[in-house]
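Below is one structure, written out as structure tokens; the observations come after it.
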Amino acid sequence: MARLLTRRAFVVGAPLALTACSAEPIWAPDDAVQAARYSSGGPSALTLFTVKNTGSGNGAHTSLLVDASERVLFDPAGSFKANRVPERNDVLFGFSPAVETAYRSFHARTEFFLVIQKITVPPAVAEQALQLVKANGAVPKANCTRATSTIISQLSGFETIGTTWFPNNLSDAFANIPGVTTSELRELD
């Protein structure tokens, strides 16, 4: 009888456990994405955002702003939502400077601060990053840094970045790339 109950628990519980490992896909309509598209016209760049706990300094979230032929934010398993910023599987389109300011402020508050690391890259590298984030698919919760580090490690000039689950590890490795500038944003609600 105990074996039967164990088997039933597995049969019922396994699919529930597996759904916790998946991410819910979001796919904005083509017209919304097209209308929102934004290009800065500036140099191609990558900006790594790391949200850190104010008290401990531990990393809590990672995202990547890609400034290529269009400017998008890869916000894996993120919670930022804004009107006129359509999403397709963790890629936020129309990431203008005003939207970026809102995103930064959304994360910087009493309990958390934001580390902003930016690097100018060749256009081909930015385009490769753009294609990789668009092709990545929705990311399960607690996988933001793993997904972001996997993408960055595939880029030319970023081969020393390993895949990691920990935001601080990725931030530290990114800081070692020549040309990266780092700043912090702290706000009090």
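A short reminder: the numbers here are calculations on the coordinates, not readings from a lab. What you see is a predicted model; the values in this text were computed from it and never measured. All Cβ positions, glycine included, derive from the backbone under ideal geometry; neighbour counts span all protein chains shown.
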Exercise for review: Select one label from (1) 113; (2) 104; (3) 150: the one whose number is volume of the Cα convex hull per residue in Å³ as derived from the coordinates shown.
Suggested key: (3)
Check your understanding: If we count other beta carbons within 10 Å of each Cβ, what is the order of Lys134, Lys141, Lys52, fewest first?
Key -> Lys141, Lys134, Lys52
Review point. Sorted from fewest to most neighbouring beta carbons within 10 Å, what does the list Thr101, Thr145 look like?
Key: Thr101, Thr145
Check your understanding: Between Thr163 and Arg84, what FRET efficiency comes out of the Förster formula 1/(1 + (r/R0)^6) with R0 = 35 Å and r the beta carbon distance, rounded to 0.05?
Key -> 0.55
Check your understanding: If you line up the long axis of helix 2-20 against the longest principal axis of the chain, both from Cα atoms, how many degrees apart are they, to the nearest 10?
Key -> 20
Check your understanding: By count of other Cβ within 10 Å, fewest leading, how are Glu127, Glu70 ordered?
Key -> Glu127, Glu70
